[in-house]
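Engineer: Could you have a look at this structure, given as structure tokens, before my questions?
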Amino acid sequence: SIRISRNAPELTLNQEGRTLMLVTNSLLGFYYGGALSNILDFKDDKLTVTTYLLTAGASFYLPYALTKGKNVTYGDAILGIYGQTRGIAHGLLVSDLIGFKWDSSMPMAMTLIGSLSEGIAGYLIADKGSFSAGRSAAIGTYSDFGMGIGMLTYGLLGIEKEKEFDAFALVGAASGLVIGHNLSKTTNYTWGDAFMLNGAGILGGYIPVSLMTLFPDAKEKAYFLVAELGAVGGLYAGDVLAQKFDFTTKEGIFIDLSESAGGLVGSGIGVLLGSGKEAYKSILICGGLGALTGFILTTVAYSKNAMATVASTKNVSFHFNLNPVGLFNLAGRQQTRRIPANASLLSANIRF
């Protein structure tokens, strides 16, 4: 292994997430090309189109060259992609908070800076911390919900200034990032767990809001409050499930799809049951109940397999090892650099 790592280091690299990263960068290149063309604001159409096409193409070739001899795990790719995509929204919020005019090129420049800087930072942090795909995805999920909860808090407090809205959203995203990072230290999230967590959070925020339609006199702030509390409750429930079960990526995706499909079926039933101006109530409530049913059915079904996996890992295991190199020590042969002095012939360990 040592000789391989010295003579052919590319064979020891983990680049399982490189394809995902390069595909995403290629797609984002179409946005980067438009953003850069807008920032430079050429008067010549030929230069504008040339800049767009060159930037879009470089969005594949540049990261391809930079990651050629680097580890790009799924954890690296996911957190890097999260930074690139969310950095665009964060850049807009920062631009508005600073006070840049929307008719200038600065808002677009801030989205480009935010996307690239957060994408690079996400990749480096995940790579340095050896983040798994699940941990990176869970951190991104908590940050997304943190930004949403920050916006709901802004509405709950009744603040009407735009800059405060930007500040609440950014602080919420940063808080969610920190909370997700800390929670992921104690919970071994799989990529499937992160999908399930996202579905649980959305479900927790939607159902209370749909039920609020039963109270026609409810104030706007009440909707903000129940949505915020519901989302937090949904994330908590998702975290509890993630601690007990390890859902595969396929299972996590199917849980989210079942939740969405259940919501559509429930909404369809609500259309049949509703009538007149109050029809929207039955649509929203039945849609929420359908989504909840779809989430529960698939989660329970997949948790049985996950429970069996967890239970099997709790068994006591005993390992016995035989190391022929230890024969040299038993024979009293002179030690060399090739034969460690502490090499044992027999060793054993027990896990419980």
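Engineer: From the set of residues in the range 123-136 that are assigned to a helix (DSSP H, G or I) and of a type in the set (Gly, Ala, Ser), which is nearest to the chain's Cα centre (by Cα)?
Structural biologist: Going through the qualifying residues, I end up with Ser136.
Engineer: Could you check Phe100 against (1) outside any helix (DSSP H, G or I); (2) among the hydrophobic types (A, V, I, L, M, F, W, C); (3) under 20 Å from Thr19 (Cα atoms) and say which number it fails?
Structural biologist: So Phe100 meets the others, but not (3).
Conditions (1) farther than 17 Å from Gly263 by Cα; (2) assigned to a helix (DSSP H, G or I); (3) within 15 Å of the chain's Cα centre (by Cα), marked per residue:
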residue	(1), (2), (3)
Ile207	no, yes, no
Ser210	no, yes, no
Ala218	yes, no, no
Ala222	yes, yes, no
Leu229	yes, yes, no
Gly234	no, yes, no
Ala237	yes, yes, no
Asp246	yes, no, no
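Engineer: Please go through (1) crowded, with 17+ Cβ neighbours inside 10 Å; (2) part of a helix (DSSP H, G or I) for Ser260 and return the number of the only condition it doesn't satisfy.
Structural biologist: Result: Ser260 fails condition (1) only.
Engineer: Select from the range 63-93 the residues that are farther than 18 Å from Ser37 by Cα, open to solvent by 50 Å² or more (accessible area, probe 1.4 Å) and not in a loop (DSSP other than H, G, I, E, B) and list them in ascending order. Reasoning before the result, please.
Structural biologist: The initial filter retains those residues of the range 63-93 that are farther than 18 Å from Ser37 by Cα, namely 63-87, 89-90, 93.
In the following step, the residues that additionally are open to solvent by 50 Å² or more (accessible area, probe 1.4 Å) were identified as 64-66, 68-71, 74, 86.
Within the range 63-93, Tyr64, Ala65, Leu66, Tyr74, Arg86 meet the criteria.
Engineer: Let me ask something else. Please specify each residue of the range 286-296 satisfying the condition of being open to solvent by less than 60 Å² (accessible area, probe 1.4 Å), among the aliphatic types (A, V, I, L, M) and over 12 Å from Val265 (Cα atoms).
Structural biologist: Correct list: empty.
Engineer: From (1) at pLDDT below 95; (2) under 30 Å from Phe168 (Cα atoms), pick out the condition that doesn't hold for Gln84.
Structural biologist: Only one criterion is unmet by Gln84, namely (1).
Engineer: What do you reckon, is Leu40 of a type outside the set (Val, Ile, Thr), touching a helix residue (DSSP H, G or I) at 6+ places or on another chain (Cβ under 8 Å) and open to solvent by 60 Å² or more (accessible area, probe 1.4 Å)?
Structural biologist: Values: of a type outside the set (Val, Ile, Thr): yes; touching a helix residue (DSSP H, G or I) at 6+ places or on another chain (Cβ under 8 Å): yes; open to solvent by 60 Å² or more (accessible area, probe 1.4 Å): yes.
Taking the combined requirement at face value, the residue satisfies it.
Engineer: In this structure, does Phe245 turn out to be on the phi < 0 side of the Ramachandran plot, at pLDDT 95 or above, touching a Ser or Thr at 6+ places or on another chain (Cβ under 8 Å) and crowded, with 16+ Cβ neighbours inside 10 Å? Give the derivation first.
Structural biologist: Details: on the phi < 0 side of the Ramachandran plot: yes; at pLDDT 95 or above: no; touching a Ser or Thr at 6+ places or on another chain (Cβ under 8 Å): yes; crowded, with 16+ Cβ neighbours inside 10 Å: yes.
When the stated conditions are applied, Phe245 does not pass them.
This table checks each residue for (1) hydrophobic (A, V, I, L, M, F, W, C); (2) farther than 21 Å from Ala109 by Cβ.
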{"residue": "Asp41", "(1), (2)": "no, no"}
{"residue": "Leu47", "(1), (2)": "yes, no"}
{"residue": "Thr51", "(1), (2)": "no, no"}
{"residue": "Thr55", "(1), (2)": "no, no"}
{"residue": "Phe60", "(1), (2)": "yes, yes"}
{"residue": "Ala65", "(1), (2)": "yes, yes"}
{"residue": "Lys70", "(1), (2)": "no, yes"}
{"residue": "Gly83", "(1), (2)": "no, no"}
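Engineer: Among the residues of the range 142-160, which ones are in contact (Cβ under 8 Å) with a residue 40 or more places away in the chain and assigned to a loop (DSSP other than H, G, I, E, B)?
Structural biologist: Gly158
Engineer: Scan the range 149-161 residue by residue and report those that are within 30 Å of Met21 (Cα to Cα) and open to solvent by less than 30 Å² (accessible area, probe 1.4 Å).
Structural biologist: The answer is Gly150, and nothing else.
Engineer: Kindly check whether there is at least one residue in the range 216-230 that is touching a residue at least 40 places away in the same chain (Cβ under 8 Å), open to solvent by less than 40 Å² (accessible area, probe 1.4 Å) and within 30 Å of Ser136 (Cα to Cα).
Structural biologist: There is at least one residue in the range 216-230 that is touching a residue at least 40 places away in the same chain (Cβ under 8 Å), open to solvent by less than 40 Å² (accessible area, probe 1.4 Å) and within 30 Å of Ser136 (Cα to Cα).
Engineer: Counting only residues that are out of contact with any helix residue (DSSP H, G or I) (no Cβ under 7 Å at 6 or more places or on another chain) and not β-branched (Val, Ile, Thr), which one in the range 231-243 is farthest from Met147 (Cα to Cα)?
Structural biologist: Here the residue is Gln243.
Engineer: Within the range 20-28, is there a residue that is under 18 Å from Thr85 (Cβ atoms), within 30 Å of the chain's Cα centre (by Cα), small (Gly, Ala, Ser) and crowded, with 19+ Cβ neighbours inside 10 Å?
Structural biologist: no
A quick yes/no check of all residues on (1) under 29 Å from Asp96 (Cα atoms); (2) open to solvent by 60 Å² or more (accessible area, probe 1.4 Å); (3) free of Cβ contacts under 8 Å to residues at least 60 places away in the same chain:
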{"residue": "Lys163", "(1), (2), (3)": "yes, yes, no"}
{"residue": "Gly172", "(1), (2), (3)": "yes, no, yes"}
{"residue": "Thr187", "(1), (2), (3)": "no, no, yes"}
{"residue": "Ala194", "(1), (2), (3)": "no, no, no"}
{"residue": "Tyr206", "(1), (2), (3)": "yes, yes, no"}
{"residue": "Ser210", "(1), (2), (3)": "no, no, no"}
{"residue": "Gly233", "(1), (2), (3)": "no, no, yes"}
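Engineer: Which one of these is open to solvent by 60 Å² or more (accessible area, probe 1.4 Å), under 24 Å from Gly238 (Cβ atoms), hydrophobic (A, V, I, L, M, F, W, C) and in a helix (DSSP H, G or I): Ile139, Ile113, Ile179, Ile120? Steps first, please.
Structural biologist: Numbers: Ile139 fails: open to solvent by 60 Å² or more (accessible area, probe 1.4 Å); Ile113 fails: under 24 Å from Gly238 (Cβ atoms); Ile120 fails: under 24 Å from Gly238 (Cβ atoms).
Going through Ile139, Ile113, Ile179, Ile120 in turn, just one is open to solvent by 60 Å² or more (accessible area, probe 1.4 Å), under 24 Å from Gly238 (Cβ atoms), hydrophobic (A, V, I, L, M, F, W, C) and in a helix (DSSP H, G or I): Ile179.
Engineer: On to the next question. Looking only at the range 47-105, which residues are over 30 Å from Glu164 (Cα atoms), without any contact (Cβ under 8 Å) to a residue 12 or more places away in the chain and of a type in the set (Lys, Arg)?
Structural biologist: Lys68
The values are calculated or read from the model by the stated rules, or taken from the named source; none is laboratory data. Remember, predicted model here, so these are calculated numbers, not experimental data. A quick note on method: Cβ atoms are made from the backbone with ideal geometry, for glycine too, and the neighbour counts reach across all protein chains shown. Protein only, heavy atoms only, side chains kept; ligands, DNA and RNA dropped before computing areas. Shrake-Rupley method; radii C 1.70, N 1.55, O 1.52, S 1.80 Å.
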